[in-house]
Amino acid sequence: MSDCTVNGACDDIDIAIIRQTQSGLPLCREPYKTIADKLGISDKTVMERLERMLDQGVIRRIAAVPNHYALGFTANGMAVWDVRDDYVDKAGMIIGALDFVSHCYQRPRHLPEWPYNLFAMVHGKSRESTGQKAAMITELLGDKSRSGTVLYSKRILKKTGLRI
């Protein structure tokens, strides 16, 4: 096997697999076989190398990334709270596990203009439903949050990861 670590180098096969998957897996019954056939290797080799690169941190994840807008979730909002520092990690774990939150993370405050340190992307089919979901989170946070608000998306920004 190749030495493909964060501090090492990937061999030509690893690079070829990354190139074949960086824009997503093929939408077919056997995506790993499709990739393998293009590269002239076995689907088992593709899966083993991807798993090794995941374990070594070369790639972060293999996951479905739904288009929320295409699914009808068009009232997306970045909900933000000013959460006590001693609770922000626990709050992030709780909020990040909610099925209507796609991601949740901590960011530094920029006082006095921006007191918020906990961010969560909340998805809803209307601003009313998104606001209700953000209110549920505020209720979960209770007295561990001093304030919060929801910033609604106005347009879709193209998001892509690093490309080789």
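Readers should treat all values here as calculations from the given coordinates under stated rules, not as data from a laboratory. Model, not experiment: these values are computed from the prediction. Counting neighbours? That spans all protein chains shown, and the Cβs are built from the backbone with ideal geometry, glycine included.
Worth a mention:
- Spread of Cα-to-Cα distances over 10 Å intervals beginning at zero, given as percent, for the range 77-152: 21, 58, 20, 1
- For the range 28-85 versus the range 96-164, the gap between their alpha-carbon centres in whole angstrom: 22
- Our summary gives the chain a relative contact order of 23 percent, counting only alpha carbon pairs under 8 angstrom and 6 or more residues apart.
- Here the average projected area of the convex hull drawn through the C-alpha atoms of the range 1-65 stands at 4.2 nm².
- Only Lys, Arg, Asp and Glu carry charge here, each on its Cβ (+1 for the first two, -1 for the last two); on that basis the range 77-152 has a dipole of about 140 debye about its Cα centre.
- Highest mean first, the peptides 92-103, 14-25, 61-72 sorted by other C-beta atoms within 10 Å per residue fall in the order 14-25, 92-103, 61-72.
- One decimal place: the segment S126-K154 gains 8.8 nm when fully extended, by the rule 0.36 nm per residue minus the C-alpha distance.
- For the chain, the tally of Lys pairs with Cα-Cα distances below 15 Å comes to 4, considering only residues 8 or more apart or on different chains.
- The helix-only estimate of mean residue ellipticity at 222 nm for the chain, built from DSSP H runs of length n ≥ 4 each weighted as -39500 (n - 2.57), is -10500 deg cm²/dmol after division by the residue total.
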